[in-house]
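Here, each number is a calculation from the coordinates, and none is a lab measurement. Here the structure is a predicted model, which is why all the values come from computation and not from measurement. Cβ placement follows ideal geometry from the backbone for every residue including glycine, while neighbour counts extend to all protein chains displayed.
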Amino acid sequence: MELGFTPEQELLRRNAREFAARHVAPLAAAVDEEARHPAEVFAGLAEGGWLGIPIPVEYGGAGADFVSHCIAVEEISRACSSTGFTLSFHAGIIGLALLNHGTARQREEYLVPLAKGRHLGAFSLTEPGAGTDVMAIGATAVRDGGDYVLNGVKTFVSNGPIADTYIFFVWTDRAARGRGMSAFIVPRGTPGLYPQEAMKKMGLRGSQTSEVILKDCRVGEENRLGAEGEGLAVAMAGFERGRVGIAAQACGILGAALEESIRHARDRVQFGRPIASHQAVAWMLADMATDLEAARHLTYHAARLRDAGRPFAKEASMAKLFATEAAMRNTVKAVQIHGGYGYVKGAKVERLMRDAKIAEIYEGTSEAQRMIISGRVVRP
Ligand SMILES: Cc1cc2nc3c(=O)[nH]c(=O)nc-3n(C[C@H](O)[C@H](O)[C@H](O)COP(=O)(O)OP(=O)(O)OC[C@H]3O[C@@H](n4cnc5c(N)ncnc54)[C@H](O)[C@@H]3O)c2cc1C
């Protein structure tokens, strides 16, 4: 089996590729051009059970492993990286956060509709003054009887304009630093929750990103996810899983770029022969294929560690760092191989290059990944 996948995982890959080719790829260019959330694609993903792969069956998911979730993210991202990204954080970050830290009531009320694809989620830590430096957030939750009152401004919230279930990270005790942040579930429609308009972006245009304002937003104690002071741990565990998902997304982007480049290099004739037979082009294809292979090994190694219940923070960061930088440098090569035809709107590689860039930034920049990795390899 390729990369040591089980027969079940191989079957899932074939099904995901078929679903993506039939239902996701045909809309990808229009979704990018119109910068819209493809609701019809998500209806299909929900119906096919793709939105809850790593969630137990009793909570509306497929009860499969994290490797299977990453396979689906990779395959869907090959067709449309915006859709692959949403799939990645929907189940891999939000669904599993509700499963791992939620109460029985929270799982029933928020996880089940999420896993079944009836609801979309958002996971919101970043603020205008707090990106890489997450401890610089300013949002707060102040206790008032049995309630909490939330205030603050969150930014770059994926699904911000359209989510049904938001998870916010805010201070409940700023002085306690790492043990003073808490997570809260805020359903859409809660008074004081103000999702803003979608931002216009360079790439990943099918994913809706916005600011979300919390102004005297009151939620009950039963909406706190995890214990008071556990928020940072909830967020970091989510991003650890999410980084493996982003690595899978990057593998999908890189795989699509390689496929397009091979096709073009075989078809395009210059100097009387296909450009693939010119060594300079052939070597670019060789480098792309090698990077893809390495990226996939790192990605699925990290996912397997997670499935085995072993620590995987370093491996998640390595996978994200390598796969996303590989996707970026190789989508640039893919445009180069396409020459002028790769530079015009409508060329798939042009979209892939724009989509690749964000993967080096969100869920921790490449610099942040290097900080995490070096912290672990330098420490004795
Ligand atoms: C499309 C999109 C979707 C997103 N979705 C979400 C979401 O759903 N939820 C959420 O919470 N956030 C989300 N984000 C936010 C994303 O995680 C942040 O943009 C990212 O963490 C970087 O933060 P920043 O943009 O504030 O950059 P900054 O932190 O200001 O960094 C700017 C530059 O400085 C570098 N830098 C910063 N500190 C250091 C340091 N100590 N050492 C070396 N270099 C450093 C960074 O690596 C980067 O190159 C999203 C962002 C985008 C663009």
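Brief remarks on what is shown
- Between region 160-188 and region 29-58, the Cα center-to-center distance that results, in Å: 25 Å
- For region 55-66, putting each phi into the Karplus relation 6.51 cos²θ - 1.76 cosθ + 1.60 with θ = phi - 60° gives couplings of 9, x, 4, 4, 10, x, x, 9, x, 9, 8, 6 Hz, in residue order, rounded to whole numbers and with x for Gly and Pro.
- Residue among Lys320, Lys200, Lys154 with the largest mean-square fluctuation in a Gaussian network model of the chain, springs linking Cα atoms under 10 Å: Lys200
- Largest GNM mean-square fluctuation across Ala35, Ala198, Ala136, computed for the chain with C-alpha springs under 10 Å, falls on Ala136.
- Net length gained if the chain between Val149 and Phe5 were fully extended (0.36 nm per residue, minus Cα distance): 47.1 nm
- Fluctuation leader among Thr365, Thr290, Thr172 - the chain, Gaussian network, Cα springs under 10 angstrom: Thr290
- Shape category assigned to region 180-243 from the gyration tensor of Cα positions, a/c cut at 1.5: oblate
- Loop-resident sites, region 249-307, for chymotrypsin sites (Phe, Trp or Tyr not before Pro), counting at most 13 other Cβ within 10 Å (DSSP): Phe271
- Difference of contour (0.36 nm per residue) and Cα-Cα distance, Thr365 to Asp216: 50.5 nm
- Our summary gives region 122-231 a relative contact order of 31 percent, counting only alpha carbon pairs under 8 angstrom and 6 or more residues apart.
- For a modelled paramagnetic label at Arg105, 7 Å from Cα along Cα-to-Cβ, the residues of region 206-227 in reach, with backbone nitrogen under 15 Å, are 219-227.
- Over every Cα atom in region 2-120, the radius of gyration and the widest Cα-Cα span, Dmax, amount to 14.0, 42 Å.
- Here the extension length gained between Ser374 and Met199 equals 59.6 nm, from 0.36 nm per residue of separation less the Cα-Cα distance.
- Here region 132-280 is assigned +1 on the Cβ of each Lys and Arg and -1 on the Cβ of each Asp and Glu. Its dipole about the Cα centre then comes out at about 700 debye.
- For the chain, a simple Cβ point-charge model (Lys and Arg +1, Asp and Glu -1, everything else neutral) yields a dipole of about 740 debye relative to the Cα centre.
- For the chain, the Rg and Dmax computed from alpha carbons only, in angstrom: 20.8, 80
- If R0 is 25 Å, the Cβ-Cβ spacing of Arg118 and Arg179 corresponds to a FRET efficiency of close to 0.10.
- Under 18 Å, Cα to Cα: Lys pairs in the chain, sequence gap 8 or more or different chains: 14
- Helical mean residue ellipticity (222 nm; -39500 (n - 2.57) per DSSP H run of 4+; nearest 500) of the chain: -15500 deg cm²/dmol
- Segments 344-353, 61-70, 79-88 sorted - mean Cβ within 10 Å per residue, highest first: 79-88, 61-70, 344-353
- Ordering His23, Leu111, Phe42 by Cα displacement along the dipole of region 2-120 toward the positive end leaves Leu111 in first place; charges were set at the Cβ atoms of Lys, Arg (+1) and Asp, Glu (-1).
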